[in-house]
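Before any comments, here is the structure.
The values are calculated or read from the model by the stated rules, or taken from the named source; none is laboratory data. Keep in mind that what you see is a predicted model, and the values were worked out from it rather than measured. Heads up, the Cβs are rebuilt from the backbone with ideal geometry, glycines too, and the neighbour counts pull from every protein chain shown. Protein only, heavy atoms only, side chains kept; ligands, DNA and RNA dropped before computing areas. Shrake-Rupley method; radii C 1.70, N 1.55, O 1.52, S 1.80 Å.
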Amino acid sequence: MEDQALVMKNVCKDFKVLNRHEGLKGSIQDLFSRDYKTISAVKDVSLEVARGEIIGYLGPNGAGKSTTIKMMTGVLEPTSGEILVNGKVPYKNRTENCENIGVVFGQRSQLWWSLPLIESFKLLRDLYMVPQQQYEDMIELYRSLVDIEPIINKPVRQMSLGQRTLSDILAAFIHNPAIVFLDEPTIGLDVSMKDKIRALIKGLNKEKNTTVILTTHDMGDVDALCRRIVIIDKGMKIYDNDIEHLKGYFGSYRTLHMKLADDTWEQMLIDEKTTDVMQVITEKQKVTKIKDIRLEEISTEEVIKKIYEGEAV
Amino acid sequence: MEKKTRGFSFYADIYRKILVQDLKTKMSYRADFIISTIGMIMVNLSGFVTFLILFRNFPTINGWDYYHMLFLYGFSLVALTPVQCFFDNNWNLRFMVTSGDFIKYCFRPVNVFFYFMSEVFDVKGLGQLAFGIGTLIYAWAHIGIPVTALTIGKLLVFLLTASLFMIALMNAAAATCFWIRNSGYVMVIMFRFKDFAKYPSSIFSGIFKFLFTFIIPIAFIAYYPSLVILDPDNVPLLSWLSPFIGILFFWLSYKFWMLGVRKYDFTGS
Ligand SMILES: Nc1ncnc2c1ncn2[C@@H]1O[C@H](COP(=O)(O)OP(=O)(O)OP(=O)(O)O)[C@@H](O)[C@H]1O
Ligand SMILES: [Mg+2]
């Protein structure tokens with residue numbers, strides 16, 4: 001078996017968008033129109049992901065994350081460049097590629113809407129031709145990682161958003177795929193459901209050595225799951241390394257938390273190289289009382305924010 | 001890793017399993033089920049009564065008498081059943097394409113067209129089927145067509161042929177949503193056209209006859225196939241060819257549909 005789960009070489013994706021016209025006459029005009037503009041959603045991205053790795057694929061809104069995932073899953077063809085998933089070109093072998101991947105798009109369920117979850121699982125077992133023993137073992141594994149009793153007999157249409165996402169993630173692993181793509185799986189979920197889902201993903205990755213490509217805007221997901229992150233912006237890859245490395249780059253930054261007279265916490269990001277922490281506190285004390293102080297290293301959230309705002313690495 | 005092959009029996013088995021689950025849940029919403037059953041009977045009944053009233057007063061149209069017309073009517077009802085029962089999800093295609101939800105059908109290791117259509121089985125078609133069969137038997141008996149293995153065999157083959165045309169028409173109409181925004185109109189127009197299917201094509205002339213035969217093959221939904229049974233001594237060549245033309249149209253519509261999927265750029269994040 002190849003040692004890389006996924007390889008991308010100089011991948012680009014352009015969308016041709018029609019400049020639409022108004023009204024019925026416009027619609028007819030559009031049918032024959034050649035009035036296109038080109039949007040470059042992904043520009044020259046190269047990437048290698050090893051088996052069993054969980055990578056955080058990050059970037060601001062519109063950076064090209066979902067587009068990349070659509071190419072990796074074989075539904076979109078790259079405009080140029082090369083992608084290999086499990087050693088195969090996904091777009092050319094869509095059905096074969098699907099055999100060995102799992103996909104979850106947050107807030108877009110892929111399960112049968114009216115069926116109880118367990119029936120969806122059984123249908124998927126048959127669709128993917130999973131041997132019965134392997135299927136049962138997987139359900140056992142699910143039970144050991146998360147409490148599935150409250151949802152297993154529930155029709156998907158009656159589930160809350162969180163339960164539905166949980167179900168979709170479970171469904172994405174049922175055929176024990178080599179790679180799972182999770183596009184914003186924790187979007188819109190409460191803190192405790194987020195925790196559950198992170199624990200589940202981590203557990204499945206550990207037990208099955210599944211490669212996970214995760215996009216998210218929640219740095220809590222990144223802290224819980226990813227060692228390595230890849231950041232893209234405006235379609236281009238701008239960072240690809242361990243998260244610790246990135247934090248090291250911002251090593252002189254500290255987050256200062258101060259509890260004020262009215263019991264609220266105020267936080268501030270300070271670069272120790274340029275600003276003296278003590279002085280900031282003294283200045284603040286001149287205007288208000290400070291009850292408590294905490295000094296922390298820079299959070300992932302703040303590091304990523306700095307990158308998005310254009311701090312070069 | 002060994003390559004898994006999925007043949008006809010695999011697909012038939014999957015379809016059956018999805019159908020069984022679907023029917024189970026439909027029946028568990030009992031009130032819903034009963035109301036839609038009643039609604040379905042009313043719709044068919046009103047169509048039937050309109051037809052009766054209309055044709056009681058016209059003893060013959062272009063040499064077609066009342067029972068022949070009734071036969072054609074029943075024939076078209078039965079022929080429309082498969083498209084209604086098995087391909088009804090075509091009506092949802094454009095919404096899924098615009099919202100981006102369509103993407104979910106592309107993540108499974110099975111044929112996208114099959115997977116999409118397998119999701120919906122419309123029970124309402126069954127009422128139509130029952131009405132159609134009833135009408136057909138009634139007209140059949142009055143016309144006095146002999147009941148032999150040959151006539152029954154012909155009937156089945158040509159019913160299937162007729163339904164292939166309707167399926168092809170709706171596939172093609174639905175697939176236009178991959179290219180144009182207001183594809184809803186296309187579907188509605190096509191669906192309305194089927195109402196012409198229950199009239200003998202000989203009442204149309206010139207440009208319409210050509211249009212309904214070769215461009216939008218309505219005449220194949222009942223007229224040409226049923227001639228094989230109604231008028232066995234003067235069967236036009238087009239009637240004999242219709243099974244092959246039907247398969248061709250179906251295949252073309254399937255290819256067109258799949259081309260749409262390939263061209264579609266999967267909007268939505
Ligand atoms: N089907 C499409 N047709 C035209 N443009 C598209 C299409 N899909 C995406 N785009 C454009 O490509 C760019 C990247 O979009 P993409 O959905 O990949 O971003 P993203 O990183 O997933 O963003 P978000 O975090 O908001 O989900 C955007 O400018 C978007 O408008
Ligand atoms: Mg996205």
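Of all the listed residues (A:E244, A:E266), the sole one being more than 14 Å from chain B (Cβ to nearest Cβ), outside any loop (DSSP other than H, G, I, E, B), more than 16 Å from ligand 2 (Cβ to nearest atom) and in contact with a Leu (Cβ under 9 Å, 6 or more places away or on another chain) is A:E266.
Here the stretch B:5-57 is the region considered, the condition is being at the interface with another protein chain (Cβ under 10 Å from one of its Cβ atoms) and among the aliphatic types (A, V, I, L, M), and the residue that is farthest from A:W113 (Cα to Cα) is B:I14.
Check the stretch B:57-73 and report whether any residue there is aromatic (F, W, Y), modelled with pLDDT under 80, more than 20 Å from the chain's Cα centre (by Cα) and within 28 Å of B:G144 (Cα to Cα). Yes: one or more hits. Checked against (1) more than 14 Å from chain A (Cβ to nearest Cβ); (2) open to solvent by less than 20 Å² (accessible area, probe 1.4 Å), B:Q128 passes all but condition (2). Scanning for something within 16 Å of ligand 2 (Cβ to nearest atom) and open to solvent by 10 Å² or more (accessible area, probe 1.4 Å), does the stretch A:187-208 turn up at least one residue? There is at least one residue in the stretch A:187-208 that is within 16 Å of ligand 2 (Cβ to nearest atom) and open to solvent by 10 Å² or more (accessible area, probe 1.4 Å). Taken together, A:D223, A:D233, A:D190, A:D242 contain a single residue that is within 29 Å of A:K305 (Cα to Cα) and within 16 Å of ligand 1 (Cβ to nearest atom), which is A:D233.
What are the pairs, 6+ residues apart or on separate chains, where a residue within the stretch A:252-278 that is touching a residue at least 24 places away in the same chain (Cβ under 8 Å) and within 20 Å of A:K306 (Cα to Cα) has its Cβ under 8 Å from a residue that is open to solvent by 60 Å² or more (accessible area, probe 1.4 Å) and not in a strand (DSSP E or B)? Here the result reads A:Y253/A:E272; A:R254/A:E272, each pair linking the stretch A:252-278 to a residue that is open to solvent by 60 Å² or more (accessible area, probe 1.4 Å) and not in a strand (DSSP E or B). Taking the criterion of being closer than 15 Å to A:V7 by Cα and outside any strand (DSSP E or B), the residues of the stretch A:23-53 that qualify are A:R51, A:G52, A:E53. Being touching a Cys at 6+ places or on another chain (Cβ under 8 Å) and outside any loop (DSSP other than H, G, I, E, B) is a property that A:L182 lacks. When we screen B:F256, B:F266 for residues that are surrounded by 14 or more Cβ atoms within 10 Å (Cβ to Cβ), within 16 Å of ligand 2 (Cβ to nearest atom) and farther than 19 Å from B:V78 by Cβ, the only hit is B:F266. Number of residues in the stretch A:41-89 that are small (G, A, S), surrounded by fewer than 17 Cβ atoms within 10 Å (Cβ to Cβ) and within 16 Å of ligand 2 (Cβ to nearest atom): the value is 1. Listed here are the helices (runs of 4 or more DSSP H) enclosed by the stretch A:54-140 that have at least 1 residues being within 16 Å of ligand 1 (Cβ to nearest atom), under 14 Å from the mean Cα position of the chain (by Cα) and at the interface with chain B (Cβ under 8 Å from one of its Cβ atoms): A:65-72.
Residue count for the stretch A:23-38 satisfying the condition of being exposed (fewer than 14 other Cβ atoms within 10 Å of the Cβ), within 16 Å of ligand 1 (Cβ to nearest atom) and of a type outside the set (S, T, Y): 2. One residue stands out in the stretch A:1-22 among those that are facing another protein chain (nearest Cβ under 10 Å) and not in a strand (DSSP E or B): the one that is nearest to ligand 1 (Cβ to nearest atom), namely A:R20. Tallying residues that are loosely packed, with under 14 Cβ neighbours inside 10 Å and of a type outside the set (F, W, Y) within the stretch B:182-230 yields 10. Could you tell me whether any residue of the stretch B:234-247 is open to solvent by 20 Å² or more (accessible area, probe 1.4 Å) and either within 14 Å of chain A (Cβ to nearest Cβ) or within 16 Å of ligand 2 (Cβ to nearest atom) (or both)? No; the residues of the stretch B:234-247 include none that is open to solvent by 20 Å² or more (accessible area, probe 1.4 Å) and either within 14 Å of chain A (Cβ to nearest Cβ) or within 16 Å of ligand 2 (Cβ to nearest atom) (or both). Within the stretch A:63-88, residues that are hydroxyl-bearing (S, T, Y) reach partners that are away from ligand 1 (no atom under 13 Å from the Cβ) and open to solvent by less than 30 Å² (accessible area, probe 1.4 Å) with beta carbons closer than 7 Å, at six or more positions or on different chains, in the pairs A:T73/A:P90; A:T73/A:I101; A:T73/A:V103; A:T73/B:F107.
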